[in-house]
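Notes follow the structure.
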Amino acid sequence: MTDPPRFVTAPEHVRALDFDHVLVLINYRTSNVQCLLPNAAKLWHDAATTGQLTTLPPTLSTRLLATGFLRPSATPTPWPAPLPAKSAPASWGSAEHTAGTIHPAPSPGTLTATAALAAVLALTRLGPRSTALHRITTVLARVASTCRHPATHDQAEAAVRAVRRAGWYSPSRTACLEESAATVLFLASRRLSATWCHGVAPDPVRLHAWVQTDDGSPAAEPPSTHAYTPALTIGGHHQHQL
C-alpha cells in the first residue's frame, strides 16, 4: 500500500468559492464539483495556508485527492484562499426567473452563429464528456487572445440571440455552456471580444455560464444572473492584464 503524501496543493485549474454556509470547489480540468459544509470548509482553509495533508481527516483528503481537487506536493505549497462569494436570501429553491421567448426565424448572422455552435458541439465530442469543459475553455482562451476590439453591449446581445436562434434547430444539448461559448466564437469571427464567465450561485448551489461586455453587463441575461459569482472568466479586458 502506498503511503499517503505528506504535502498537498490545489492545482491552478481548481477554483473555490466561499458562500459562508457552503464552500464550492470546481475542477475545470475534470468538470468535478464538490460542496463542503462549514466544518469541512474550515479544514480546506486551514490546509490552504499550510499545504499540510495532515490538516485534513483521511476520508476527506482521500476523496479530494481522488477527484483531483488536491494533488501531492514534494514540499509545503499553500494555495490561494477561496474567493468570497455573493450570498443570497433563502428562497428554498423557489426563486423566480424571467422567462424569455426565442424567435427562431433566420436573421443576419444566423449562418455564422450556426457554425460557431457546431464548433462548440464538436468540441464536446472530441473526447470524454468529463473533460469537455476543459477543451472548451482552452479554445476560448486561445480565441480571446486574437481579439483586440471589445464588443458593444448591442453587439454582444445580438450575438447571443443569433446563437439561441441557431440552437433552436440543434439536435444536441444547447444550454448555457454551449450558448455562451458559441457567442464568444461568433464575436471572434468579427474580431470582437467579450468576457466569458462561469460562476456559481447558492440556494440551491447551481452553475451558469454567460457572456458579458467590458463594463460588466451580462448580455441578453435575466437579472437573476447577477446572483452568480464568477469562478472563471476568459477574454474581454482580462486578456490585457498581463
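Is there a residue being at positive phi, free of Cβ contacts under 8 Å to residues at least 60 places away in the same chain and assigned by TED's automatic domain parsing to the domain that holds Leu133 anywhere in region 186-197?
Let us first name the residues in region 186-197 that are at positive phi, namely 191.
Pick out the ones that are also free of Cβ contacts under 8 Å to residues at least 60 places away in the same chain and you get 191.
Checking the rest, the ones that are also assigned by TED's automatic domain parsing to the domain that holds Leu133 come to 191.
The answer is yes, given that some residue of region 186-197 is at positive phi, free of Cβ contacts under 8 Å to residues at least 60 places away in the same chain and assigned by TED's automatic domain parsing to the domain that holds Leu133.
The residues of region 34-65 that are farther than 23 Å from Ala231 by Cβ and not in a helix (DSSP H, G or I), listed by number, are Gln52, Pro57.
Within region 44-75, if we keep just the residues that are touching a helix residue (DSSP H, G or I) at 6+ places or on another chain (Cβ under 9 Å) and exposed (fewer than 14 other Cβ atoms within 10 Å of the Cβ), the residue that is nearest to His134 (Cα to Cα) turns out to be Pro72. Here Val163 meets each of (1) in contact with a helix residue (DSSP H, G or I) (Cβ under 7 Å, 6 or more places away or on another chain); (2) in a loop (DSSP other than H, G, I, E, B) with one exception, condition (2).
Only residues that are over 11 Å from Thr9 (Cβ atoms) and not in a loop (DSSP other than H, G, I, E, B): list them for region 66-88, please.
Within region 66-88, the subset over 11 Å from Thr9 (Cβ atoms) is 66-68, 81-88.
Those that are over 11 Å from Thr9 (Cβ atoms) and not in a loop (DSSP other than H, G, I, E, B): Ala66, Leu83, Pro84.
Please find, among Glu221, Glu178, the residue that is farther than 25 Å from Ser87 by Cβ, outside any strand (DSSP E or B) and of a type outside the set (Lys, Arg). Before you say what the answer is, go through the steps one by one.
Details: Glu221 fails: farther than 25 Å from Ser87 by Cβ.
After applying the criteria, what remains is Glu178.
Scan region 1-24 for residues that are out of contact with any helix residue (DSSP H, G or I) (no Cβ under 8 Å at 6 or more places or on another chain) and among the hydrophobic types (A, V, I, L, M, F, W, C) and the total you get is 5. Please specify each residue of region 203-237 satisfying the condition of being aromatic (Phe, Trp, Tyr) and under 17 Å from Arg161 (Cα atoms). Answer for region 203-237, where residues must be aromatic (Phe, Trp, Tyr) and under 17 Å from Arg161 (Cα atoms): just Trp210.
Going by the structure shown, is Ser224 within 25 Å of Ala122 (Cα to Cα), polar (S, T, N, Q) and outside the structural domain of Val33 (by TED's automatic domain parsing)? Considered against the rule, which asks whether it is within 25 Å of Ala122 (Cα to Cα), polar (S, T, N, Q) and outside the structural domain of Val33 (by TED's automatic domain parsing), Ser224 comes out as no.
The values are calculated or read from the model by the stated rules, or taken from the named source; none is laboratory data. As the structure is a computational prediction, the values presented were derived from the model and not from experiment. Every residue, glycine among them, receives a Cβ derived from its backbone with ideal geometry; neighbour counts consider all protein chains shown.
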